[in-house]
Amino acid sequence: MKLQSVQVLRGVAALLVVLYHTRAHETRGIAHNGGGELAWLGGIVTNGFAGVDLFFVISGFIMVAVTYELKPGIQTALNFVFRRLTRVYPVWWLFAGITTVGLLGYFQLGNMVETLQVTSRPEPDWIYIIKSFLLIPQEKEPVLVVGWTLIHEVYFYLAFSLVLLLRRSWWPYALLGWGAAVIAGWMSGLSGPIVTDFLSLFFSPMTMEFLFGAATAMLVASGVAWRGGIVMLVATLWMAASLCLQGPQTDYTLQWGRVMMFGLPSAALIYGLVTLELEDRLAWLVPAGVGALLSIAVFQLYGLGETAPLSVRVNATIVAVLVGGLGTLATFWTGWLAGQTKPRSVRALFPALRKILAAMVRLGDASYSLYLVHTIVIVALRVLFGRLGDIPVLAPVFQLGHPGLLDNVAFALACVTGSIAASLLSYTYFERPVGALFRKSRPTVQNAS
């Protein structure tokens, strides 16, 4: 059964990453044009990379959820690896291939390419490309930079397949041992903020986020359902506070900092939402969404960047979360009062709310394509805006850094809508058909193994 709540969170995670990279390229475009203004997309968007942390926790949850009732053994492990890798690699090869062709066509691959974040490397280009396509750790990011997260994902799949060899009663001990090994490796200095080889991959603290998700799935599968609504609301405000509070990126924030700040509330959020969905109480999404949006909007009004002093960020975060919490309570009270006095009016809202939920689920379905395609779309749009911005009459709209907000808003809207449109096309005409093709071929693999 596909959980709508998990798909909604996938969509939210992908949007956070899209906004984060949109802001990054907006900043570069402003600097390229000699502007000194701050990017319009600020506030929590400066920490939009937290979408990756949410993705990792979701991955851990799903891996346990889809295998919890399966019989342990080699066949189950092989089927799991086949299913997961055939979902990751085809779409990755498509967009990594598009990026490679673009680099070979317009740039020299061995030189600094600031636009796509490709830097010089000690090994030959062909080795770098092969490692990129196979998602093998190396000193530089893959040819499509977001592929660094897929290196972690593939590692999760392969390592978890070993857990599938064990009886289910042993899983908690295996996962605890895995977590202990990560901590021991980190304490021994075997990990770093960036994965550059297999050793730093094995002991990366970000593995803990996968384990958080796995533990959450085991709780849900075991029938533990404690105050799902309250847990979800608290986790929503907790996540909003983390997005507001997180400051400049350091070695710590890129390791345990993000695990604690984003991984833990992500696990709580998933637990609460899934528990509510299993109890058919997803209406709780409405007050949670209102509270989150209010927190984000209030913090955005402060206009703070990631370099703002900690004391200023703390004060702004407290105000934002308090307003979000009050908005959550007000939504509950309004909903209860309207349900008592105007039930027909409340029921009239249901179709619109279902459409919003369906749209977010659809975005979640396409979240993998969105995650991979958005950087290509954003880079293309930045180049397009650069060309059109050189035309004087179009400069107010397309020249990033031009006085006023029109250029900033136009770029942000174009990046988000363009990325979503491209991802839906990719999901509909490539990702889903290819996935169906591999699912049909899976029985052959089963019989042969």
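Of the residues Val416, Val361, Val323, Val379, only one is in a helix (DSSP H, G or I), among the β-branched types (Val, Ile, Thr) and over 23 Å from the mean Cα position of the chain (by Cα); which?
Numbers: Val416 fails: over 23 Å from the mean Cα position of the chain (by Cα); Val361 fails: over 23 Å from the mean Cα position of the chain (by Cα); Val379 fails: over 23 Å from the mean Cα position of the chain (by Cα).
When all the criteria are applied, what remains is Val323.
Can you list residue pairs whose Cβ atoms sit under 6 Å apart, with the first residue in the stretch 313-342 being more than 15 Å from Leu293 (Cβ to Cβ) and touching a residue at least 40 places away in the same chain (Cβ under 8 Å) and the second being open to solvent by 50 Å² or more (accessible area, probe 1.4 Å) and among the hydroxyl-bearing types (Ser, Thr, Tyr)? Count only pairs 6 or more apart in sequence or on different chains.
Hits for this filter: Ala316/Tyr302.
List every residue pair whose Cβ atoms lie under 8 Å apart, where the two residues are 6 or more positions apart in sequence or sit on different chains, the first residue falls within the stretch 229-257 and is touching a residue at least 24 places away in the same chain (Cβ under 8 Å), and the second residue, located anywhere, is charged (D, E, K, R) and assigned to a helix (DSSP H, G or I).
Qualifying pairs under 8 Å: Cys244/Arg313; Leu245/Arg313; Gln246/Arg258; Gly247/Arg313.
If a residue has to be open to solvent by 10 Å² or more (accessible area, probe 1.4 Å) and in a helix (DSSP H, G or I) to count, how many in the stretch 26-45 make the cut?
6
Sort out which residues of the stretch 50-78 are closer than 25 Å to Leu372 by Cβ, surrounded by fewer than 20 Cβ atoms within 10 Å (Cβ to Cβ) and either in contact (Cβ under 8 Å) with a residue 24 or more places away in the chain or touching a Cys at 6+ places or on another chain (Cβ under 9 Å) (or both), and write them in order of number.
Selection gives Ile62 alone.
Regarding the stretch 230-240, can at least one residue be identified that is in contact with a Phe, Trp or Tyr (Cβ under 7 Å, 6 or more places away or on another chain), surrounded by fewer than 22 Cβ atoms within 10 Å (Cβ to Cβ) and within 13 Å of Ile270 (Cβ to Cβ)?
Within the stretch 230-240, one or more residues are in contact with a Phe, Trp or Tyr (Cβ under 7 Å, 6 or more places away or on another chain), surrounded by fewer than 22 Cβ atoms within 10 Å (Cβ to Cβ) and within 13 Å of Ile270 (Cβ to Cβ).
Here is a check on your reading of the model: is Ser200 among the polar types (S, T, N, Q), assigned to a helix (DSSP H, G or I) and farther than 22 Å from Glu141 by Cβ?
On the way: among the polar types (S, T, N, Q): yes; assigned to a helix (DSSP H, G or I): yes; farther than 22 Å from Glu141 by Cβ: no.
No; evaluated as a whole, the condition is false for this residue.
Take the conditions open to solvent by 30 Å² or more (accessible area, probe 1.4 Å), modelled with pLDDT of 90 or more, out of contact with any Cys (no Cβ under 9 Å at 6 or more places or on another chain) and in a helix (DSSP H, G or I) and apply them to Arg387. Does it pass?
Details: open to solvent by 30 Å² or more (accessible area, probe 1.4 Å): yes; modelled with pLDDT of 90 or more: yes; out of contact with any Cys (no Cβ under 9 Å at 6 or more places or on another chain): yes; in a helix (DSSP H, G or I): yes.
Judged against the criteria, Arg387 is a match.
Quick check, is Ala268 within 24 Å of Gly11 (Cβ to Cβ), at pLDDT below 95, open to solvent by less than 30 Å² (accessible area, probe 1.4 Å) and not aromatic (Phe, Trp, Tyr)? Talk me through it step by step, then tell me what you get.
On the way: within 24 Å of Gly11 (Cβ to Cβ): yes; at pLDDT below 95: no; open to solvent by less than 30 Å² (accessible area, probe 1.4 Å): yes; not aromatic (Phe, Trp, Tyr): yes.
Here the answer is no, as Ala268 does not meet what is asked.
The values are calculated or read from the model by the stated rules, or taken from the named source; none is laboratory data. Keep in mind it's a predicted model, so treat the numbers as computed, not measured. Ideal geometry is used to build each Cβ from the backbone, glycine not excepted, and the neighbour counts take in all protein chains shown. Note: areas computed on protein heavy atoms with side chains; ligands, DNA, RNA excluded. Shrake-Rupley method; radii C 1.70, N 1.55, O 1.52, S 1.80 Å.
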